[in-house]
Amino acid sequence: METTTIHVLKQKVEIILPVNGLEEKLLQAQKENRKLIIKLGFDPTAPDLHLGHAVVLKKLKQFQDAGHQITIVVGSFTARIGDPTGKNKSRQPLSTEAVQHNAETYLNQLSKLINVSKATIVFNSDWLDGLSTSEIIQLLSRVTIAQLMHRNDFNQRFNNNTPIAMHELVYPILQGFDSMKIRADIEMGGTDQLFNCTMGRQLQESFGMNPQVVLCMPLLKGLDGKEKMSKSLNNFIGLTEEPNDMFGKTMSIPDSLIPEFLELASDFSAEEKLHLNELLNNGENPMNLKKILAKNIVKQFHHEAAALKAEAFFSNQFQNKTFDKKVFEPVSLNAIKSVNGSISILELCFQLKNSLSKSAIRKLIESGAVLVNNKKIVDSQLMIKLKKETRIKVGKRDFFELK
RNA sequence: GGGAGUGUCGCAUAGUGGCUAUUGCAGCAGACUGUAAAUCUGUCACCUCACGGUAUCGCUGGUUCGAGUCCAGCCACUCCCA
C-alpha cells in the first residue's frame, strides 16, 4: 500500500485506535489479498442525515474508493434501546415497517456520498433477536462495570446521581457484538462513538479475533456554534435540504465557525483551504468567505448551477433592502377566506401561516414582524382589503403575494 | 425490607398560607448589522377580534375564605443501611 493512500485515509481523522492500527490492517489486507471490512452502524430511528454525518461518510467513501468493503449495520434491534445520550429515556419499539422505511430513506441519503450498491447492508436484529437468555448472560460476562464506567456519559451520570438504566449499559455491548458478528476490520464513527467502538475491539478479542481498528472523525459543530450538530438541537444542515436553505443556514453560522466548516464541511483542496484561511486572517469580510463556503456546500449535494442560484437568491432576498425585488410565494386570493373582501391582518397571517396559533401570530404582529406592502403593521386588528399583488412579509423568512 | 431526601417552563434556579409564580440560559420577534458576533427592546402555558377567559408547580384527595407552600395516600428519582 502506497504511503499516499495511507496519508489520505488518515487525513482529518481525530482518533485512531491503536495508533498504528490502520497501517497494520492495510498491510494485512494486502498480504491476505482481501478487502478490509469497514463497519458503520446506524439506528433506524429518525434518519435525517446532516453535514455532521457527512464528515464520517466522506471518509468512508475514501475507503470505498481504495477498494475496501463497507458494511452498514442497521440497528434494527438496538434502535429499540436507543444509544444512551441521557436525554431520551426509553424508546418505543419500532415496527418492522418503520425500520424498513427508515433504513430505505437512510440508504437513499447515503447514496449522495457513497456507492450504496457496492456496500453490504445488514440488520442486527438478524442475530440479536435470536440470542437466548444464557447466550446474553455469556456475552455480558465478558464486560465489567468498571469498563463501562469509563464511558464519559455513564461516568458523569453516575457521579451526578442521575439514573442509568440497565438496558443502557447493554447498548455498547451489543454494538460491540455486531462488530464481532460481521468481523469488522475497522469501525467508523464520530468521536462520540469512541467508547462504543472500543467495546467492539474488546469483544472481538475475547472471541479470539483480531480486534478492529477504531477511526473516529471529529464532530462538526452546529449552526449555533456551541453544540455539536444534531437533529434534536435543530442546529443542522440536512443533506437533502433545498439549495436555498442550505445556503441560508450556512450564512447564519457564527464567524468563529468558518475555519471548522472549511475544514470539515467543504470539499476544497488543501491549497484552497489555506488560501481561504489566509484571506480570513488578513481581514477579508467573513461574510464573503461564508458565501464561498455556502456555495461549496450546496455544490456538493446539488450542483454548481444550483449553488450560484442559491447565492443570487440569498443576496436578493436577505441582503438587498428593496422590498419589491424579493421573491414572494404566490397565494391565490380564492384560498383566503374573508368577509366582503376585507380581512384583519391577524386573520390573514393566520391563514398564510397555518403552523402558528392566532395568539402567536398576534405577538408577532405586535412586535413588528409583519410588513404589508413594505409597511410595518403593528395593529393586529387592522382591516385590509384583499387585492391582487398585496405583498406580505411575516418574520424573517416568509414572503407572500396574493394572486 | 428499613431510614432520609428531592420533584416548579426545553435546561437551570427563586418562591414566610395571600394580589400577576422569580431570575438566568436557550428559543422567537424587533432595532443596529453582514439572516455573524456583541448590545438594546419586547416576547416566552393555552385560547379569544376584544373586554377577557381557561389552566399550571410529579399524581389524587384533604384542611382552609384562600395551597406551589400545610396534611394524607400514591408515583418517580436519589442517597444511606440491610
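Taking all Cα pairs closer than 8 Å and separated by 6 or more residues, the relative contact order of chain A comes to 14 percent.
The convex hull built on the alpha-carbon positions of the stretch A:142-206 has an orientation-averaged projected area of 4.4 nm².
Binning the alpha carbon pair distances of the stretch A:100-159 at 5 angstrom intervals from zero yields the distribution 4, 13, 13, 12, 11, 14, 19, 13, 2, 0, expressed in whole percent.
Modelled spin labels at A:LYS226 and A:SER342, positioned 7 Å past Cα toward Cβ, are 4.7 nm from each other. Semi-axis lengths, largest first, of the ellipsoid equivalent to chain A are 47, 27, 19 Å, with √(5λ) applied to each eigenvalue of the Cα gyration tensor.
Can you compute 3J(HN,Hα) from phi for each residue in the stretch A:131-143, using the Karplus curve 6.51 cos²θ - 1.76 cosθ + 1.60 with θ = phi - 60°, rounded to whole Hz and x for Gly and Pro? Coupling constants for the stretch A:131-143: 5, 7, 4, 5, 5, 5, 4, 3, 5, 5, 5, 7, 10 Hz. Using only Cα coordinates, the Kirkwood hydrodynamic radius of the stretch A:180-278 works out to 15.9 Å.
Any chance you could run the full-extension gain for A:THR240 through A:ASN20? It's 0.36 nm times the residue separation minus the Cα-Cα distance, nm to one decimal. Difference between extended and current length: 75.6 nm. Summarising the amide proton neighbourhood of A:GLU227: residues at separation of 5 or more, or on other chains, whose placed amide H is nearer than 5 Å comprise A:GLY222. Within the listed set A:ASP126, A:ASP185, A:ASP245, the residue fluctuating most in the Gaussian network model of chain A (springs between alpha-carbon atoms under 10 angstrom) is A:ASP126. Here the mean projected area of the convex hull built on the C-alpha positions of the stretch A:249-403 is 11.1 nm².
When Rg and the Kirkwood Rh are both derived from Cα coordinates, the Rg/Rh ratio for the stretch A:3-217 amounts to 0.95. With the simple spin-label model, which puts each label point 7 Å out from Cα in the Cβ direction, the A:ASN285 to A:THR144 separation comes to 6.2 nm.
Counting Lys and Arg as +1 and Asp and Glu as -1, what is the net charge of the other residues whose Cβ lies under 9 Å from the Cβ of A:TRP127? It works out to a net charge of -2.
May I ask for the net charge around A:THR198, where only other residues with Cβ less than 12 Å from the Cβ of A:THR198 are counted and Lys, Arg are +1 while Asp, Glu are -1? Before the final figure, lay out each step's value.
Numbers: positive: A:ARG151, A:ARG201; negative: A:GLU187, A:GLU205.
Surrounding charge for A:THR198 is 0.
Considering only A:LYS326, A:LYS221, A:LYS376, the mean-square fluctuation computed in a Gaussian network model of chain A, springs between alpha carbons under 10 angstrom, is largest for A:LYS376. For chain A, the share of DSSP beta bridges that are antiparallel, to the nearest 5, is 45%. Ordering A:HIS7, A:ILE377, A:VAL327 by the projection of their Cα atoms onto the charge dipole of chain A, which places +1 on the Cβ of Lys and Arg and -1 on the Cβ of Asp and Glu, puts A:ILE377 at the extreme positive end.
Counting only DSSP beta bridges with both residues in the stretch A:3-217, tell me the antiparallel percent, nearest 5.
Working: 3 of 20 bridges.
Taking every DSSP beta bridge with both residues in the stretch A:3-217, the antiparallel ones total about 15 percent.
Put simply, the Cα atoms of the stretch A:329-402 extend 28, 23, 22 Å along their principal axes, the longest span coming first.
If you average the C-alpha positions of the stretch A:373-394 and of the stretch A:114-172 separately, how far apart do those two centres end up, in angstrom? About 57 Å separates the Cα centre of the stretch A:373-394 from the one of the stretch A:114-172.
Stokes-Einstein, applied to the Kirkwood radius of the stretch A:243-320 over Cα pairs at a viscosity of 1.567 mPa s and 4 °C, places its translational diffusion at 104 µm² s⁻¹.
Across all Cα pairs in the stretch A:170-218, the calculated P(r) in 10 Å bins from zero up to the longest distance comes to 33, 57, 9, 0 percent per bin.
Taking the protein heavy atoms of chain A in the context of the full set of protein chains, the accessible area attributed to carbon and sulfur is 52 percent at 1.4 Å.
Which of the peptides A:66-73, A:134-141 is most tightly packed, and how do the rest follow, judged by the mean count of other Cβ atoms within 10 Å per residue?
Working: A:66-73: 19.2, A:134-141: 12.1.
So the order, starting with the most tightly packed, is A:66-73, A:134-141.
Taking amide H positions as modeled 1.01 Å from N, with prolines and chain starts lacking one, the residues under 5 Å from A:SER344 and 5 or more places away or on another chain are A:ILE384.
The values are calculated or read from the model by the stated rules, or taken from the named source; none is laboratory data. Since the model is a prediction, treat every value here as computed from it, not as a measurement. Cβ atoms come from the backbone with ideal geometry, glycine included; neighbour counts cover every protein chain shown. Keep in mind that these areas ignore ligands, DNA and RNA; they rest on the heavy atoms of the full protein, side chains included. Shrake-Rupley method; radii C 1.70, N 1.55, O 1.52, S 1.80 Å.
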